Amino acid sequence: MVDHDGREHALPALDGWRVMEVIRDWGIDLKATCGGACACATCHVYVADDWVDRLHPPTDEEVARLDEAFSVEPNSRLCCQILVSQRIDGLRVRLAPGSEVE
């Protein structure tokens, strides 16, 4: 994953964890105000283009929350809605504007 300063991190993760939890628990600056309840958009990330179609599609609830995010792009996702599994080993995301801890 790429942080707000453009630094790349390879973060080991356990199956079943949310990508948001992995980023936060490794000490990367990520607001994630609601703690993963899909009740805000402060864990907004950009998924690398070659990974977008490999993830499950966003739910209607996630799409509605992304309407509250800054600088939404076609590859925008809320990382609280992406579950770690072997299927997404190597996933690449970049933290989006508005997800910084203030």
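Exactly one condition in (1) in contact (Cβ under 8 Å) with a residue 12 or more places away in the chain; (2) under 16 Å from GLU100 (Cα atoms); (3) in a loop (DSSP other than H, G, I, E, B); (4) not basic (Lys, Arg) is false for THR33; which is it?
The one condition THR33 does not meet is (1).
With the requirement that a residue be in contact with a strand residue (DSSP E or B) (Cβ under 8 Å, 6 or more places away or on another chain) and charged (D, E, K, R), what does the stretch 79-102 give you?
ARG92, ARG94
From ARG94, ARG24, ARG18, which residue is charged (D, E, K, R), in contact with a helix residue (DSSP H, G or I) (Cβ under 9 Å, 6 or more places away or on another chain) and surrounded by 12 or more Cβ atoms within 10 Å (Cβ to Cβ)? So that I can check it myself, show each step before the final result.
Working: ARG94 fails: in contact with a helix residue (DSSP H, G or I) (Cβ under 9 Å, 6 or more places away or on another chain); ARG24 fails: in contact with a helix residue (DSSP H, G or I) (Cβ under 9 Å, 6 or more places away or on another chain).
Unique residue meeting the criteria: ARG18.
Here is a list of conditions, (1) more than 14 Å from ILE88 (Cβ to Cβ); (2) surrounded by 12 or more Cβ atoms within 10 Å (Cβ to Cβ), and ALA13 meets all of them except one; can you say which number that is?
It is condition (1) that ALA13 fails.
Could you tell me whether ARG24 is among the basic types (Lys, Arg) and either assigned to a helix (DSSP H, G or I) or on the phi > 0 side of the Ramachandran plot (or both)? Full working, then the answer.
On the way: among the basic types (Lys, Arg): yes; either assigned to a helix (DSSP H, G or I) or on the phi > 0 side of the Ramachandran plot (or both): yes.
In short, yes.
Please list, ordered by first then second residue, the pairs with beta carbon atoms under 8 Å, 6 or more apart or interchain, first in the stretch 10-29 and more than 18 Å from LEU78 (Cβ to Cβ), second surrounded by 12 or more Cβ atoms within 10 Å (Cβ to Cβ) and charged (D, E, K, R).
Pairs that qualify, where the first residue is more than 18 Å from LEU78 (Cβ to Cβ) and the partner is surrounded by 12 or more Cβ atoms within 10 Å (Cβ to Cβ) and charged (D, E, K, R): there are none.
Those residues that are surrounded by 16 or more Cβ atoms within 10 Å (Cβ to Cβ) and either in contact with a helix residue (DSSP H, G or I) (Cβ under 9 Å, 6 or more places away or on another chain) or not aromatic (Phe, Trp, Tyr) (or both), I need them from the stretch 37-47; list them, please. Can you show your working first?
Applying the first criterion (surrounded by 16 or more Cβ atoms within 10 Å (Cβ to Cβ)) to the stretch 37-47 yields 38, 40-47.
Scanning the stretch 37-47 gives CYS38, CYS40, ALA41, THR42, CYS43, HIS44, VAL45, VAL47.
What number of residues within the stretch 48-64 satisfy the criterion of being within 13 Å of the chain's Cα centre (by Cα) and either over 18 Å from GLY16 (Cα atoms) or aromatic (Phe, Trp, Tyr) (or both)?
4
Table: residues versus (1) surrounded by 12 or more Cβ atoms within 10 Å (Cβ to Cβ); (2) assigned to a loop (DSSP other than H, G, I, E, B); (3) without any contact (Cβ under 8 Å) to a residue 60 or more places away in the chain; (4) of a type in the set (D, E, K, R).
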| site | (1), (2), (3), (4) |
| --- | --- |
| GLU62 | yes, no, yes, yes |
| GLU68 | yes, yes, yes, yes |
| PRO74 | no, yes, yes, no |
| ARG77 | yes, no, yes, yes |
| ARG87 | no, no, yes, yes |
| GLU102 | no, yes, no, yes |
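Readers should treat all values here as calculations from the given coordinates under stated rules, not as data from a laboratory. On a predicted model such as this, the values are computed, not experimentally measured, just so you know. Cβ sites come from the backbone with ideal geometry, for glycine too, and all protein chains shown count toward neighbours.
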